[in-house]
Amino acid sequence: QDQLKGLILERVKTLRSAIGNYGSLPQKEAINNEEIRTLYATWLEEFEQAGFTWKEVQSALKEAVDPARVISVNSTSQDVLDYSTTDYPDGRTVIAVGGLGLSRGLTLEGLLVSYFLRNSVMYDTLMQMGRWFGYRDGYADLCRIFMTGQAEAWYSHIAEATEELREDFRAMEKLRLTPIDFGLRVR
């Protein structure tokens, strides 16, 4: 986690530098920079229909990246994931790197992107990790989750199992039976 935090810190530093040096230039000049060009390509692919022009996005890049902090959230970390309105009245922009401290039972307020490599076959663990997103009205189209194919397969499996259980509940209710009489099962 500390190594990953270091890599992310370097990436943020590179982006800050590119945005600081090229972000205020006219678009044609700004996209000559590889970092700005990559951001522009991502905007074209993912967000062109989100209601903002590239000019508006480019002009907001510095304001968006400058307050971003990279922190570790684990048992040995000195960093704190603090949302206090006293210390942060306008909220925080945080890239949180962690393990168990982030993966179980924690909803990150305003979370937009999640990338994780933790694999689990335990339903309760998967369901807890699925709670990370503190969705806000009007932002659901911006949320992204990046995961391995194996993790995706386990989430698909648990979604199917959950839906089967819901169908069983509906059938049990329709027959006016209790769980002891019906014999509920989970895949």
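Just a few scattered comments:
- Amide H contacts under 5 Å for residue 68, placed H, 5+ residues apart: none
- Label positions at residue 82 and residue 145, each projected 7 Å from the Cα along the C-beta direction, are separated by 3.1 nm.
- Remark on residue 97: its backbone amide H falls under 5 Å from those of 71, 72, 73, a criterion applied only to residues 5 or more positions apart or on other chains, H modelled at 1.01 Å from N.
- Segment residue 182..residue 93, full-extension length gain: 27.1 nm, with 0.36 nm per residue of separation and the alpha-carbon distance subtracted.
- FRET efficiency for the pair residue 75 and residue 161, taken as 1/(1 + (r/R0)^6) with r the Cβ-Cβ distance and R0 = 41 Å, rounds to 0.85.
- Gain in span if fully extended, residue 172 to residue 52, counting 0.36 nm per residue against the direct Cα distance: 38.3 nm
- Pairwise Cα inverse-distance average, inverted: Kirkwood Rh of the range 1-97 (Å): 15.0
Read-outs: derived from the displayed coordinates by stated rules, not from any lab. Here the structure is a predicted model, which means the values were calculated and not measured. Heads up, the Cβs are rebuilt from the backbone with ideal geometry, glycines too, and the neighbour counts pull from every protein chain shown.
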